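The structure appears right after this line, and notes come after that.
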Amino acid sequence: MKYKLLFILILFTTCAALAQNKPSGHNLTGTYELVTVDNIAADGSRTHLYGDSPKGTLIVDAMGHYALQIYSEGRLKFASGDKAKGTDDENRAAIKGCNAHYGTYKVEGNNIIFNIEHASFPNWEGTQQKRPFTISGDIFKYTVPAPTTGGAVMGEVVWKKLS
């Protein structure tokens, strides 16, 4: 009887955790490939922050965890072949050419809320980032009200679901 009660308690706790993080009417779980990541100015003009063909992956699981990586196309290698010996220009280009973070997420209506544990942009670590999103077929698109570049722009990130 004691083990049966323990099993029921564990099952209830697991189901409650899944229900808390499960998107209402949206199934975001899966693996995504980056399509575009742009900054949009007030006049509607777009800047491709990571080039015309950025690379990236977003993984979202059913337990409320995610991991995201974005990289510029054609990043240059360090001449020394040693990350610790990169020049100022190499280090600057490397950090400007990537954006990565991971943590937990939840969905509230049509907003995904990233609780960022660690990030390549240290200012985002320990923050909560709210992103309005849309889903159309296998396309998941969200906006970033305050992108890492700062200024009076809005970010837009588009992902294609692979699985």
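The values are calculated or read from the model by the stated rules, or taken from the named source; none is laboratory data. Since we're looking at a predicted model, the values are computed, not measured. Cβ sites come from the backbone with ideal geometry, for glycine too, and all protein chains shown count toward neighbours.
Numbers below:
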| read-out | value |
| --- | --- |
| Boolean, ALA84 is in contact (Cβ under 8 Å) with a residue 60 or more places away in the chain and over 18 Å from LEU34 (Cβ atoms) | no |
| So ILE116, is it closer than 26 Å to HIS26 by Cα, part of a strand (DSSP E or B) and in contact with a helix residue (DSSP H, G or I) (Cβ under 7 Å, 6 or more places away or on another chain) | yes |
| Residues of region 134-154 classified as without any contact (Cβ under 8 Å) to a residue 24 or more places away in the chain, touching a Phe, Trp or Tyr at 6+ places or on another chain (Cβ under 8 Å) and crowded, with 19+ Cβ neighbours inside 10 Å, total | 0 |
| Enumeration of residues in region 71-99 that are hydrophobic (A, V, I, L, M, F, W, C), outside any helix (DSSP H, G or I) and over 17 Å from PHE121 (Cβ atoms) | LEU76, PHE78, ALA79 |
| Residue among VAL107, VAL157 that is outside any loop (DSSP other than H, G, I, E, B), in contact (Cβ under 8 Å) with a residue 24 or more places away in the chain and in contact with a helix residue (DSSP H, G or I) (Cβ under 9 Å, 6 or more places away or on another chain) | VAL107 |
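For (1) surrounded by 15 or more Cβ atoms within 10 Å (Cβ to Cβ); (2) of a type in the set (D, E, K, R); (3) at pLDDT 95 or above; (4) not in a strand (DSSP E or B), each residue gets a yes or a no:
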position	(1), (2), (3), (4)
ALA16	no, no, no, yes
TYR32	yes, no, yes, no
ASP43	no, yes, no, yes
GLN69	yes, no, yes, no
HIS101	yes, no, yes, no
